[in-house]
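Shown next, in C-alpha cells, is the structure this report addresses.
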Amino acid sequence: MAPKTNRIGLGLAEYRGLPSTLCKGCGHDVISGTISSAFYEMGVEPWRVAKMSGIGCSSKTPAYFLGPAWGFNSVHGRMPSVATGALLANQQLKGLGVSGDGDTASIGIGQFVHMVRRNVPFLYIVENNGVYGLTKGQFSATSDKGSRLKDGTVQDLTAIDLCTLAVELGATYVARCFSADRKQLLQVLKGAVSHDGLAVLDVMSPC
C-alpha cells in the first residue's frame, strides 16, 4: 500500500521536526504536532516557510515541526521586527512565529502591538501558559487576576488579553484555542494558514 501523501505529493513525515526535549505532557508539543498536520493538510511547501521565535520554552518548539523550513531564533521579545524584515526582504515566504506569553505580553508587547497595527502577513502563535515556565513560578502578564503561586502569593493585577488587544488594533484573524482540544486547534490553524493578513492565535497551553 502506497504511503499517504498530500496534494503536493509530500508525506506527513516531511512536515515534522526533531524529537522534542520539552517536559512530558507539555501542551507546546501538541501545538507543534498540530502545526505539522495543518501545513501538511493545506499542502504548503515546508521549505517556503520562515519559522521565527524569541526566548522561552516556546522558542525551542520551531525545531520540532517543519524541518525543511527556514528558521531564526531572535532575542527576547524581538521576534516581530525580525519577522517583519524577513518578510519584506522575501515576500515569497510564508511567515510563522511562535512566542510565549512572557515573550509577547511582557518584554515584547511593543513589538507585538506594532506588528498587529501594520497587519504584516504572518501567523503569530502565542503559547500561553500564564506563567514564566522556563524560569519557573513567576506570574506572567497573562496570569489571571486572583491566581496563586505555590507560596501563596496572589496575582492582584488584571491580565493582558492578547486577543482583545489584537482585535482593537485591527488584526484580521484572531482566535483563542486550548492545546488539549487538538481537533479545534487544527481547524483554527488551517484557517490561519490560508489567511492573507496577520493571524493571531492565543493558544492556552498548560505546562
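A few points about this structure:
- Once backbone amide H atoms are built at 1.01 Å from N, G67 has R16, G17 as its partners under 5 Å, excluding neighbours fewer than 5 places away on the same chain.
- Cα centroids of the range 148-207 and the range 19-33: 17 Å apart.
- When only Cα pairs below 8 angstrom with a gap of at least 6 residues are kept, the range 102-155 shows a relative contact order of 27 percent.
- Based on Cα contacts under 8 Å between residues 6+ apart, the range 4-123 shows a relative contact order of 25 percent.
- Taking amide H as placed 1.01 Å from N in the peptide plane, K94 has its amide H under 5 Å from the amide H of V49, A50, each at least 5 places away in sequence or on another chain.
- Under the Karplus curve 6.51 cos²θ - 1.76 cosθ + 1.60, θ = phi - 60°, whole-Hz ³J(HN,Hα) for the range 158-163, x wherever Gly or Pro sits: 6, 5, 7, 9, 5, 5
- Cα-centred dipole magnitude for the chain, charges only on beta-carbon of K, R (+1) and D, E (-1), debye, nearest 20: 400 debye
- Values of log10 I(q)/I(0) for the range 16-63 across q = 0.22 Å⁻¹ run -0.84, by the Debye formula with one identical scatterer at each alpha carbon and no solvent.
- With the cut-off at under 18 Å, measuring from each backbone N in the range 107-130 to a point 7 Å along the Cα-to-Cβ line of V75 picks out 107-112.
- Over the chain, the fraction of Cα-Cα pairs per 10 Å bin, rounded to whole percents and listed from the shortest bin up, is 9, 37, 37, 13, 3, 0.
- Relative packing of peptides 192-200, 31-39, 97-105, 177-185 - highest average C-beta neighbours within 10 Å first: 97-105, 31-39, 192-200, 177-185
- Residues in the range 112-132 reached by a label modelled at D181 [backbone nitrogen below 19 Å; 7 Å Cα→Cβ]: 125-130
- Put simply, the amide H of T142, placed in the peptide plane, has neighbours under 5 Å in I160, leaving out anything fewer than 5 places away on its chain.
- Scattering from the range 34-101 was approximated by placing one identical point on each alpha carbon and applying the Debye formula without solvent; log10 I(q)/I(0) at 0.15 1/Å stands at -0.44.
- Summing charges over all other residues whose Cβ lies under 9 Å from the Cβ of T142, with Lys and Arg as +1 and Asp and Glu as -1, gives -4.
- Calculated from backbone phi, Karplus (6.51, -1.76, 1.60) coupling profile of the range 87-98 in Hz, x at Gly/Pro: 6, 6, 6, 9, 7, 8, 7, 9, x, 9, x, 10
- Where Cα atoms sit under 28 Å apart: lysine pairs in the range 51-207 separated by 8 or more or lying on different chains: 14
Values in this text are rule-based calculations from the coordinates and carry no lab data. All of these numbers come straight from a predicted model, not from anything done at the bench. Note that each Cβ is placed from the backbone with ideal geometry, even for glycine, and that neighbours are counted across all protein chains shown.
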